[in-house]
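Chemist: Just passing along the structure, written as C-alpha cells.
The values are calculated or read from the model by the stated rules, or taken from the named source; none is laboratory data. The structure presented is a predicted model; accordingly, all values stated were derived computationally and were not measured. In this analysis, Cβ positions are derived from the backbone assuming ideal geometry, glycine residues included, and neighbour counts consider all displayed protein chains. Ligands, DNA and RNA are stripped out before the accessible areas are found, and what is left, the full protein with its side chains, is counted by its heavy atoms. Shrake-Rupley method; radii C 1.70, N 1.55, O 1.52, S 1.80 Å.
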Amino acid sequence: MAKQSTSENAVEAIAKPQQRFSIKRLLTVVVLSLISGFVASLMAVLLMGILRLAAGVPTSVELFGDFVLKHISVDTFLRLLLTFGLNAKKTPLLFALLGMVGLGTVLGVLYATLARVSWPVQSYRPGRREWIIGAIFALVMAAAATGLFWNELRQNFFGLTINWAITVTILALLVDFGLYGFTLCLAYRVLLPKQVRENSSAVAEGRRQLLARAGVAAVTVGAGAGIFGLVNDFLSNYASYDGMYTVTHNGHTDPITPNSEHYVVTQNPIDPTPSTAVWRLEVTGLVGNAGTYSYEDLQNVPSISRAVTLECIANGIYVGGRLISTAIWQGITLRSLLDTHGGAQSNATHVAFYGVDGYTTSLPLNEVLEADALIVWRMNGEELPVRHGFPVRALIPGRYGEEQPKWLTHIELTDHFVGGLYSDQGWYSGPLHTMNRIDRPHGQVAIGQPVEIAGFAFAGNRGIEKVEVSADNGVTWNVATLAAPLSKDSWVFWSWQWTPTVTGNTILVARATDGTGAVQTSKKQGTVPNGATGYHEVMVQVK
C-alpha cells in the first residue's frame with residue numbers, strides 16, 4: 001500500500017506542473033485574444049466614424065438605434081425619454097457603442113478558438129487559416145448587419161438616393177467589418193509569444209517582440225484618440241435644438257413665424273446635410289411614369305406658395321403647447337407632381353415618403369390628395385433651412401408634424417401601408433385634433449377695466465368656423481371675433497373683449513368649432529399616444 005501511494009504521489013507531482021502550464025496557456029490565449037478583439041473593434045469604430053463624416057454613411061451604432069426605436073412601444077419610448085432626460089439620444093447611442101466594442105472584444109476569444117494557433121510562433125504574419133477565419137468573421141458580421149438593418153440601410157446623410165444609399169451602406173459594412181477581421185488576425189498573431197530565430201539571441205527576439213507589441217499599443221491609443229476626436233465632432237454638431245418651440249411676444253403670436261423661431265423636432269442626434277450634387281427626388285411605384293429630379297430641376301417647376309400651420313403631436317402635455325408654427329411654403333402640389341408623371345395607377349392606395357435620414361411616412365393616397373399636400377423647397381421666401389428639411393420636404397395639411405417628412409428623397413405610390421418610426425411604435429396616425437390656445441391675458445387684470453382675451457384656433461385643413469370664450473370656467477360662452485385666415489391650412493386668430501366685474505381668481509376657457517361644424521371635444525387627454533384634446537384654460541387674478 002505504501003509503495004502504491006508513493007507511485008500515485010509521483011504521478012500527481014508530474015501532473016500538477018502540466019495542469020498549471022495548460023491553465024497558463026489558456027489564460028494567455030484569452031487575454032491576448034481579448035486585447036486583439038478590443039484593438040480590432042476600435043479600428044472598426046474609427047473607420048465607421050470617418051465614413052460617417054466623409055460620405056454620410058450611417059454607423060452601425062445609428063443603424064442599431066433606428067432598428068430598436070422601430071421595435072419598441074410608445075410606453076417604452078417614453079420611459080427611455082424620462083430615464084435619460086436631456087441625453088435621451090446621446091446616452092443610448094453611447095451604450096450601443098460600448099456594447100459594440102464589448103461584443104467585438106469578446107469575439108476575439110471565438111476567433112482564437114477557431115484559429116487554433118500553436119505557439120510560440122515563428123512569424124508575425126498570420127497563416128492562411130487565420131486569414132480565412134478573419135474573412136469569415138467579416139462576411140458573417142456584414143451579412144448579419146445587412147439582414148438585421150435592411151430597412152435602415154436606405155439612409156445617407158449626404159442625400160444619396162435610396163438604391164445608392166443601400167449599396168454604399170452595405171459596402172461600408174463590408175469594409176468596416178473587413179478592417180475588424182484584418183486587425184484581429186494581425187494583432188493576435190503579433191501579440192503571441194515568438195520562437196527564437198536561428199542566428200538570433202533570446203534578448204534580440206524579446207526586443208523584437210516588445211517593439212511589435214508596442215506597435216499594437218500605439219495603434220490602440222491612436223484609434224482611441226481618433227474616436228475621441230470623432231465623438232467631440234459628433235457632440236459639436238448635435239441637434240440640441242430638438243424640441244425648440246415658438247414663443248409669443250408680449251402675449252402676441254406672429255401670424256407668420258420667422259424661420260429662426262419655427263418649432264423644430266427631429267429624430268436625429270445629428271441632422272443630415274444633403275448635398276445638391278448627389279441628392280435627387282425620385283417619384284416611383286404605382287405611377288404612370290417614374291421620374292427623378294435634381295435640385296436645379298425643381299427650381300424650374302411651376303410652383304405655388306401657401307401658408308401652412310404645423311403642429312407636433314406632442315404639443316404640450318395637454319392642449320395649449322408651443323410646438324406649433326406657421327410659415328409660407330413654396331413648392332408644387334403632390335397632385336400636380338403626380339399628374340406630370342401620368343397620375344396614380346388604379347391599384348395605388350398609399351403614398352410613402354422617404355427621407356435621406358431613413359425616416360418614413362405612409363398615408364392613404366386619397367386622403368393626402370384631398371388635403372392638397374405640398375412638396376416644398378422654400379420657406380418664408382428663403383431656401384428651406386437644413387433643420388426644416390433642405391433641400392425638399394413634404395407637407396400634408398391636417399396631419400401632425402410627425403407625418404410631414406423632411407429631407408425628402410423618395411415618393412412611392414404603393415398598394416399597401418409602409419411602416420415607419422412613429423407608426424411602428426403605435427403613435428396616432430389620423431387627422432389632427434381641433435385645438436385652441438389663449439395667448440392673453442395672463443397674471444393679473446383690473447376689475448372694471450376692459451381687457452382683450454385673444455389667441456388662435458387650429459383644425460388643420462378643416463378650418464375654423466367659430467370660437468367661443470368663457471370667463472366663468474365654462475358656465476357661459478361668448479362668441480369671439482375671428483380674423484381672416486391666412487389660408488385654409490393655417491391657424492385662425494380670435495379675440496373677445498371682457499370687462500371683469502368680480503374680484504378673485506377667474507378661469508378663462510376657449511373652445512373652437514371646425515369648418516365641418518364639429519365642436520372641439522372637452523375630453524382631456526395627454527399627447528401620448530393620440531395627441532392632446534380638451535379645452536385650454538388660463539387662470540387670471542382679478543383685482
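Chemist: Among Ala165, Ala239, Ala218, which is modelled with pLDDT of 95 or more and touching a Ser or Thr at 6+ places or on another chain (Cβ under 9 Å)?
Modeler: Testing whether each residue is modelled with pLDDT of 95 or more and touching a Ser or Thr at 6+ places or on another chain (Cβ under 9 Å) leaves just Ala165.
Chemist: I'd like the full set of residues that are out of contact with any strand residue (DSSP E or B) (no Cβ under 9 Å at 6 or more places or on another chain) and open to solvent by 50 Å² or more (accessible area, probe 1.4 Å), limited to segment 522-536.
Modeler: Val528, Asn530
Chemist: Just to be sure before I move on: is Gly222 touching a Gly at 6+ places or on another chain (Cβ under 8 Å), under 25 Å from Ser123 (Cβ atoms) and part of a helix (DSSP H, G or I) in the structure I sent? First the steps, then the outcome.
Modeler: Working: touching a Gly at 6+ places or on another chain (Cβ under 8 Å): no; under 25 Å from Ser123 (Cβ atoms): yes; part of a helix (DSSP H, G or I): yes.
When the stated conditions are applied, Gly222 does not pass them.
Chemist: When the residues of segment 54-74 are filtered to those that are of a type in the set (Gly, Ala, Ser) and open to solvent by 30 Å² or more (accessible area, probe 1.4 Å), which remaining residue is nearest to the chain's Cα centre (by Cα)?
Modeler: Only one residue fits best here, namely Ser73.
For (1) among the hydroxyl-bearing types (Ser, Thr, Tyr); (2) at pLDDT below 95, each residue gets a yes or a no:
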site	(1), (2)
Ala510	no, no
Thr533	yes, no
His536	no, no
Val540	no, no
Lys543	no, yes
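Chemist: Another question, if that's okay. Output the number of residues of segment 492-537 satisfying the condition of being within 24 Å of Gly251 (Cα to Cα), of a type in the set (A, V, I, L, M, F, W, C) and within 35 Å of the chain's Cα centre (by Cα).
Modeler: 4
Chemist: Out of everything in segment 449-477 that is in contact (Cβ under 8 Å) with a residue 60 or more places away in the chain and open to solvent by 10 Å² or more (accessible area, probe 1.4 Å), what residue ends up being nearest to Ile324 (Cα to Cα)?
Modeler: Only one residue fits best here, namely Asn461.
Chemist: Which one is surrounded by the most Cβ atoms within 10 Å (Cβ to Cβ) among residues in segment 76-92 that are farther than 17 Å from Ile270 by Cα and touching a residue at least 60 places away in the same chain (Cβ under 8 Å)?
Modeler: Initial filter on segment 76-92 (farther than 17 Å from Ile270 by Cα): 76-85.
Still in the running and touching a residue at least 60 places away in the same chain (Cβ under 8 Å): 77-78.
Values: Phe77: 20, Leu78: 15.
Checked segment 76-92; the qualifying residue surrounded by the most Cβ atoms within 10 Å (Cβ to Cβ) is Phe77.
Chemist: Scan segment 304-352 for residues that are farther than 30 Å from Gly455 by Cβ and in contact (Cβ under 8 Å) with a residue 60 or more places away in the chain and jot them down.
Modeler: The answer is Leu334, Leu337, Leu338, Ala344, Gln345, Asn347, Ala348, Thr349, His350, Val351, Ala352.
Chemist: A further question follows. Go over the candidates Leu210, Leu230 one by one and state the one that is in a helix (DSSP H, G or I), of a type in the set (A, V, I, L, M) and under 24 Å from Ala145 (Cα atoms). Quick ask: steps written out before the conclusion?
Modeler: Values: Leu210 fails: under 24 Å from Ala145 (Cα atoms).
Being in a helix (DSSP H, G or I), of a type in the set (A, V, I, L, M) and under 24 Å from Ala145 (Cα atoms) holds for just one of Leu210, Leu230, which is Leu230.
Chemist: Under 8 Å between Cβ atoms, at least 6 apart or on separate chains: pull out the pairs that start in segment 236-252 with a residue that is at negative phi and touching a residue at least 60 places away in the same chain (Cβ under 8 Å) and end on any residue that is open to solvent by 40 Å² or more (accessible area, probe 1.4 Å) and aliphatic (A, V, I, L, M).
Modeler: If the second residue must be open to solvent by 40 Å² or more (accessible area, probe 1.4 Å) and aliphatic (A, V, I, L, M), the pairs left are Asp242/Val265.
Chemist: Among the listed residues Gly291, Gly285, Gly229, which satisfies the condition of being small (Gly, Ala, Ser) and more than 23 Å from Gly355 (Cα to Cα)? Lay out the reasoning, then the answer.
Modeler: Numbers: Gly291 fails: more than 23 Å from Gly355 (Cα to Cα); Gly285 fails: more than 23 Å from Gly355 (Cα to Cα).
Of Gly291, Gly285, Gly229, the one residue that is small (Gly, Ala, Ser) and more than 23 Å from Gly355 (Cα to Cα) is Gly229.
Chemist: Can I ask one more? Looking at Ser73, Ser60 in this structure, which one is among the hydroxyl-bearing types (Ser, Thr, Tyr), under 19 Å from Leu421 (Cβ atoms) and touching a Gly at 6+ places or on another chain (Cβ under 8 Å)?
Modeler: None of the others qualify; the one that does is Ser73.
Chemist: Check whether at least one residue in segment 139-154 is under 23 Å from Gly224 (Cα atoms) and open to solvent by 20 Å² or more (accessible area, probe 1.4 Å), and report yes or no.
Modeler: Checking segment 139-154: at least one residue is under 23 Å from Gly224 (Cα atoms) and open to solvent by 20 Å² or more (accessible area, probe 1.4 Å).
Chemist: Then there's this: What number of residues within segment 478-491 are among the hydrophobic types (A, V, I, L, M, F, W, C), part of a loop (DSSP other than H, G, I, E, B) and surrounded by fewer than 18 Cβ atoms within 10 Å (Cβ to Cβ)? Before the answer, list the steps.
Modeler: Kept after step one, since they are among the hydrophobic types (A, V, I, L, M, F, W, C), are these residues of segment 478-491: 479-480, 482-484, 486, 491.
With the extra rule that they be part of a loop (DSSP other than H, G, I, E, B), the set shrinks to 480, 483-484, 486, 491.
The next check asks that each one be surrounded by fewer than 18 Cβ atoms within 10 Å (Cβ to Cβ); those that pass are 483-484.
Looking only at that region, the number is 2.
Chemist: Can I ask one more? Based on this model, can you work out whether Glu412 counts as touching a Gly at 6+ places or on another chain (Cβ under 8 Å), surrounded by fewer than 24 Cβ atoms within 10 Å (Cβ to Cβ) and either among the polar types (S, T, N, Q) or closer than 17 Å to Gly358 by Cβ (or both)?
Modeler: Here the answer is yes, as Glu412 does meet what is asked.
Chemist: Being surrounded by fewer than 19 Cβ atoms within 10 Å (Cβ to Cβ) and modelled with pLDDT of 95 or more is true for just one of Ala371, Ala446, Ala394. Which residue is that?
Modeler: Sole residue among the options that is surrounded by fewer than 19 Cβ atoms within 10 Å (Cβ to Cβ) and modelled with pLDDT of 95 or more: Ala446.
Chemist: So in segment 493-521, with the set limited to residues that are of a type in the set (A, V, I, L, M, F, W, C) and more than 28 Å from Thr257 (Cα to Cα), which one is least open to solvent (accessible area, probe 1.4 Å)?
Modeler: Among those residues, the one meeting the criterion is Ile507.
Chemist: Which ranges mark the strands (runs of 3 or more DSSP E) fully within segment 233-339 that have 2 or more residues being of a type in the set (A, V, I, L, M) and surrounded by 15 or more Cβ atoms within 10 Å (Cβ to Cβ)?
Modeler: 281-285, 304-311, 324-333
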